[in-house]
Amino acid sequence: MLRIAVAIVMATLILAGVGAVTFMHAFGPRDGESIAHARVDMAARELERRVNQPGPGVDAQTLAATQFTGAVAGADVQAYAWRGSTSDADGARVDVRLRASVQPQASRELFQPGVAAGSAAECFRFHVRQGRASYRPIECPASMPSATPTPQPPATASPSPTTLPTPSAAP
């Protein structure tokens, strides 16, 4: 009889523990770090989609200045290195850092989880070739360069000289 009572008490304690862990996992605060990493990943995919069809001969600096700036999918985008052109065999290469922050939010409804604070920062190298783009994660530099890309004017042919008529000397 004592063994049965001990077994019932142990089973009750185990079920209560499992129930408490399940409740805390289901209704406790969500992890802000995971949310921030998801935003960074979503931003990288969105940037790849955005630059997937570049024109021929677009230089990396122009891509960095026009496509890899601002905020995308909840992440801040900072281009810090670039090289090449979409017409090059290796394509244009743009290195970017994507950062996302999640502010803590208290639960507003019963059984609705709140959100814990979190942040994420990851670096990626985008390869943009004529007709396609791809990216891969890279290690962020120890100190972030403070380069600011500016769009380069397209190369155009210089206008041909025009001959102006000579003024006549007649009054």
Hey, Pro141 outside any strand (DSSP E or B), open to solvent by less than 50 Å² (accessible area, probe 1.4 Å) and over 20 Å from Glu33 (Cα atoms) or not:
yes
Candidate set: the range 62-103, residues that are of a type in the set (Val, Ile, Thr) and assigned to a helix (DSSP H, G or I); chosen: the one surrounded by the fewest Cβ atoms within 10 Å (Cβ to Cβ):
Thr66
Looking only at the range 28-61, filter to residues that are farther than 27 Å from Thr86 by Cα and assigned to a loop (DSSP other than H, G, I, E, B); which one of those is most open to solvent (accessible area, probe 1.4 Å)?
Pro29
Quick one: what pairs do we get from the range 53-68, first residue on the phi > 0 side of the Ramachandran plot, second open to solvent by less than 40 Å² (accessible area, probe 1.4 Å) and not β-branched (Val, Ile, Thr), C-beta under 9 Å, 6+ apart or different chains?
Gly57/Ser85
May I ask you to list pairs of residues, at least six apart or on different chains, whose Cβ atoms are under 6 Å apart, with the first in the range 123-148 being under 10 Å from Asp95 (Cβ atoms) and at pLDDT 90 or above and the second being β-branched (Val, Ile, Thr) and not in a loop (DSSP other than H, G, I, E, B)?
Cys123/Ile138; Phe124/Val96; Arg125/Ile138; Phe126/Val94
Go through the residues of the range 1-14 one by one and say whether even a single one is at pLDDT below 75 and basic (Lys, Arg).
no
Let me spell it out: the conditions are (1) farther than 19 Å from Arg125 by Cα; (2) modelled with pLDDT of 80 or more, and Gly17 meets all of them except one. Which number is the exception?
(2)
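The values are calculated or read from the model by the stated rules, or taken from the named source; none is laboratory data. Predicted model, so just to flag it, every value in this text is computed and none were measured. Cβ: placed from backbone, ideal geometry, glycine included. Neighbour counts: every protein chain shown. Heads up: the accessible areas ignore ligands, DNA and RNA and are worked out on the full protein's heavy atoms, side chains in. Shrake-Rupley method; radii C 1.70, N 1.55, O 1.52, S 1.80 Å.
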